[in-house]
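Below is one structure; the comments refer to it alone.
Here, each number is a calculation from the coordinates, and none is a lab measurement. What you see is a predicted model, and the numbers here were worked out from it, not measured in a lab. Note: ideal-geometry Cβ built from the backbone for every residue, glycine included; neighbour counts use all protein chains shown.
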Amino acid sequence: AAFDADTLSGLNDGDDVSKWDDLSTNSRHLLAQTGANTVIYEENGVDTLPSIKFAAGQLETNTSVPTPANGKITTIVSFRFSDLSGSNNHLVGQGEDQYWQVRKLASSPFLALHIVDSNAPSVKFEVGKDYIAVVRADGIEKDITIYTIDGKLVGTSSYIKYGENNILPSASNA
């Protein structure tokens with residue numbers, strides 16, 4: 001799946017975003033999972049580029065799109081949180097089986113890759129700054145790396161899964 005806020009058409013600054021079309025040929029469109037004024041289009045958002053503002057909102061794939069059977073996902077998302085309110089603000093994720101979500105943890109400055117029932121790994125960020133997160137899972141290992149908008153490493157964290165319920169942490173924050 002591929003998404004670019006610059007390709008959203010027919011929206012004005014402050015409009016609700018109810019659907020964000022997948023630019024790839026996979027048709028994994030994102031649909032708003034919350035009410036009005038929660039997922040908002042901003043003409044001058046992250047680094048003054050067209051952006052999506054998540055005000056306690058979330059976008060996830062529609063219910064007919066399952067997580068790939070091999071568990072492999074890679075997501076790159078640019079984000080900024082203006083405050084820490086809300087619980088587990090989802091930036092992007094999978095809607096059918098709730099297998100994965102990239103989300104801010106409840107009332108805390110941590111961005112996490114939530115897979116199944118685990119919020120690990122997670123990396124700390126600062127409110128009001130623009131970031132890029134690279135999030136990856138391959139069915140065994142999962143990791144998240146956050147960079148400033150100008151490419152400086154903020155932090156990285158990874159977990160390796162051994163067996164069904166045994167997850168061992170390995171984390172580093174720069």
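Couple of notes before you dig in:
- Taking 0.36 nm per residue of separation and subtracting the current Cα-Cα distance, fully stretching the chain between ASP47 and ALA106 would add 18.8 nm.
- Within-13-Å neighbourhood charge of VAL46 [Cβ basis; K, R +1; D, E -1]: -4
- Partner lysines for LYS142 [C-alpha distance under 17 Å; skip if fewer than 8 residues away on the same chain]: LYS72, LYS104, LYS124, LYS161
- Environment charge of ALA2, counting only residues whose C-beta is closer than 13 Å and scoring Lys/Arg +1, Asp/Glu -1: -3
- If you take all other residues with their beta carbon under 14 Å from the beta carbon of VAL135, and give Lys and Arg +1 and Asp and Glu -1, the sum is +2.
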